[in-house]
Amino acid sequence: MITTVEGLRQAALAIRKDLLELCSLQTIHIGGDLSVTDVMTVLWQYQMHYDPQDIHAEDRDRFVLSKGHASAVTSFNQAAIGCFDREDVLREYATDGGRFSMHSCRLVNPFVEVSTGSLGHGFPVACGMAAGLRLKHNDTSRVYVVMGDGEQSEGSVWEAAMNAAHLKLGNLVAIIDLNGLEADGSIYELTGLDSVAEKYRSFGWRVCEFDGHDIAEIKRQFDSLPPASSETPTVFVCHTVKGKGVPFMEDQPRWHAGRITREQYEEALRTLDERG
Ligand SMILES: Cc1ncc(C[n+]2csc(CCOP(=O)(O)OP(=O)(O)O)c2C)c(N)n1
């Protein structure tokens with residue numbers, strides 16, 4: 001576990017480099033991987049109670065990647081805590097029978113709690129898992145679920161949001177990667193989504209809205225979570241930039257998914273190193 005803000009910043013930088021290396025080899029969902037890198041790094045490398053040697057432990061925290069296309073950033077974070085080697089991800093990604101691909105798949109990778117990729121499905125499953133923990137009188141484990149902002153246009157998201165508050169699931173933490181873009185353009189133009197925070201508040205959630213690239217703030221927000229035994233679900237509305245850290249990708253729908261050339265890889269690495 002990394003406990004310092006500087007250590008977590010360096011860890012997030014390392015994850016971005018891993019993502020770019022993979023992106024120079026394969027097509028990945030690089031834009032939405034880079035936007036959620038900071039919050040995912042703090043979640044996996046600091047916050048979550050999860051032992052890679054005991055992945056069925058009853059007292060583990062659960063993680064559901066509802067925006068299932070951000071599989072690469074999940075896999076590299078899991079590699080960082082010892083679930084497997086980062087080289088495994090680079091070698092096996094998108095190969096026949098490989099554990100890693102453009103979406104998270106439990107059938108081939110036991111570190112995936114729920115297979116995802118069809119947007120709007122992971123969140124309701126996460127709500128069910130949180131309700132299941134209550135039935136088992138587990139008062140300490142949390143369920144963390146990561147969603148996209150484009151994903152908010154799925155009706156199942158709002159059914160789940162309503163039920164989570166109704167069932168008093170204080171053990172549920174939803175994280176929304178509010179990068180403003182979905183696959184083809186602006187979510188505000190394509191879906192009419194606005195005031196995400198107000199919407200969740202009106203559904204009875206505890207809402208925390210902050211800069212999803214500010215590692216110190218992300219850590220502070222995790223540190224301030226009410227106990228899992230509390231009665232109000234929390235949502236983190238994280239303001240982020242799609243493609244964060246790589247100037248030619250930032251805020252560009254074209255980089256929702258793609259592969260980069262050797263030259264682009266080297267340019268991206270140079271910029272990352274300069275920016276620290
Ligand atoms: C039900 C469903 N409809 C459409 C898609 C195709 N799709 C994949 S990613 C994506 C955009 C998602 O946007 P967002 O949730 O904002 O993700 P991010 O921008 O963070 O990558 C779409 C429409 C899908 N995977 N599932």
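Every read-out reported here was derived from the displayed coordinates using simple, explicitly stated rules and does not represent laboratory data. All values derive from a computational prediction rather than experimental measurement. Heads up, the Cβs are rebuilt from the backbone with ideal geometry, glycines too, and the neighbour counts pull from every protein chain shown.
Under the rule a/c < 1.5 gives rounded, and otherwise a/b versus b/c splits prolate from oblate, where does the chain land using the Cα gyration tensor? Intermediate values should be presented prior to the final figure.
Working: a/c = 1.55, a/b = 1.31, b/c = 1.19.
It comes out prolate by the Cα gyration axes.
A straight Cα-to-Cα reach below 22 Å connects LYS17 with the lysines LYS67, LYS219, LYS242, LYS244, residues fewer than 8 places away in its own chain not being considered. The packing ranking, built from the mean of other Cβ atoms within 10 Å per residue, places the peptides 139-147, 67-75 in the order 67-75, 139-147, highest first. A simple rule links phi to the HN-Hα coupling: the Karplus curve 6.51 cos²θ - 1.76 cosθ + 1.60 with θ = phi - 60°, which for region 89-106 gives 5, 4, 7, 8, 4, 6, 9, 4, x, x, 7, 10, 7, 5, 9, 7, 10, 5 Hz, with x for Gly and Pro.
In this structure the amide hydrogen of VAL143, modeled in the peptide plane, comes within under 5 Å of the amide hydrogens of ARG62, LEU172, VAL173, none closer than 5 places in sequence on its chain. Taking every C-alpha pair closer than 8 Å and separated by at least 6 residues, the mean separation divided by the residue count of region 116-203 gives a relative contact order of 33 percent.
What share of the DSSP beta bridges in the chain is antiparallel, in percent to the nearest 5? Antiparallel bridges make up about 10 percent of those DSSP assigns within the chain. Relative protection proxy for 91-101, 126-136, from highest mean packing down: 126-136, 91-101 (other beta-carbon atoms within 10 angstrom).
Toward the positive end of the charge dipole of the chain, with +1 on the Cβ of Lys and Arg and -1 on the Cβ of Asp and Glu, the farthest Cα among ALA164, PRO110, LEU133 is that of LEU133.
Only one residue of HIS56, PHE248, GLY185 has its Cα farthest out toward the positive end of the dipole of the chain, where Lys and Arg carry +1 and Asp and Glu -1 on Cβ, and that residue is HIS56. This model, with +1 at the C-beta of Lys and Arg and -1 at the C-beta of Asp and Glu, gives region 153-225 a dipole about its Cα centre of some 520 debye. Please check: in the Gaussian network model of the chain (C-alpha springs, under 10 Å), which one of PRO124, PRO233, PRO247 has the largest mean-square fluctuation. Of the options given, PRO247 has the highest mean-square fluctuation.
Taking each pair of different alpha-carbon atoms in region 1-84 once, compute 1/r for the pair, average those values, and report the inverse of that mean as the Kirkwood hydrodynamic radius in Å to one decimal. Walk me through the numbers on the way to the answer.
Details: mean 1/r = 0.0760 Å⁻¹.
Roughly 13.2 Å, rounded to one decimal.
Look at the alpha carbon pairs under 8 Å that are at least 6 residues apart: their mean separation over the length of region 5-275 gives a relative contact order of 24 percent. For region 127-239, just say rounded, prolate or oblate: build the C-alpha gyration tensor, square-root its eigenvalues into a ≥ b ≥ c, call rounded for a/c under 1.5, and beyond that prolate if a/b exceeds b/c, oblate if not. The shape class here is oblate. Summing +1 for each Lys or Arg and -1 for each Asp or Glu among the other residues whose beta-carbon sits under 12 angstrom from that of VAL196 gives -4. Hey, in the GNM for the chain with a 10 angstrom Cα cutoff, which one of VAL196, VAL114, VAL39 fluctuates hardest? Highest fluctuation among the options: VAL196. Proximity of backbone amide H atoms, modeled 1.01 Å from N, is registered between GLU209 and VAL237 at under 5 Å, excluding neighbours fewer than 5 places apart on the same chain. About its Cα centre, the dipole of region 5-275 is roughly 440 debye, where the only charges are +1 on Lys and Arg Cβ and -1 on Asp and Glu Cβ.
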